[in-house]
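The values are calculated or read from the model by the stated rules, or taken from the named source; none is laboratory data. All of these numbers come straight from a predicted model, not from anything done at the bench. Positions of Cβ are generated from backbone atoms using ideal geometry, with glycine treated the same way; all protein chains shown enter the neighbour counts. The accessibility values were calculated without ligands, DNA or RNA, using every heavy atom of the protein model including side chains. Shrake-Rupley method; radii C 1.70, N 1.55, O 1.52, S 1.80 Å.
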Amino acid sequence: MIKTKIFAEVNGKSMQQIDIQINKWLADHPDYIIVDIKLQTKLYQDDSGYNVFRDALVIYREYENV
């Protein structure tokens, strides 16, 4: 079965950097087979200035013993 997991990062501050999040998750799940990773970056402005929001969608399968 195909599954998904979403990771997010805002300005690299409020959460861990997205690559660290993904690598930690992958290390915790060595039995997952990665199908694809989609990365998206958005720049937006609010009262505090410009902000960068990054999110990643990891598409994976769990290893199945047949």
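Observations, loosely collected:
- Restricting attention to the stretch 1-28, the residues that are open to solvent by less than 70 Å² (accessible area, probe 1.4 Å), outside any strand (DSSP E or B) and of a type in the set (A, V, I, L, M) add up to 3.
- Residues (in contact (Cβ under 8 Å) with a residue 24 or more places away in the chain and in contact with a Phe, Trp or Tyr (Cβ under 7 Å, 6 or more places away or on another chain)) located in the stretch 23-52: ASP31, TYR32, ILE33, ILE34, VAL35, ASN51
- Checking the stated criteria, LEU57 turns out not to satisfy the condition of being open to solvent by 80 Å² or more (accessible area, probe 1.4 Å), touching a strand residue (DSSP E or B) at 6+ places or on another chain (Cβ under 8 Å), among the aliphatic types (A, V, I, L, M) and within 18 Å of ALA8 (Cβ to Cβ).
- Any chance ILE59 is in contact with a Lys or Arg (Cβ under 8 Å, 6 or more places away or on another chain) and not in a helix (DSSP H, G or I): yes
- Test: residue in the stretch 29-39 that is part of a strand (DSSP E or B), surrounded by fewer than 13 Cβ atoms within 10 Å (Cβ to Cβ) and in contact with a Lys or Arg (Cβ under 8 Å, 6 or more places away or on another chain): yes
- Residue ID - nearest to GLU9 (Cα to Cα), chosen from residues in the stretch 40-54 that are open to solvent by less than 60 Å² (accessible area, probe 1.4 Å) and touching a strand residue (DSSP E or B) at 6+ places or on another chain (Cβ under 8 Å): PHE53
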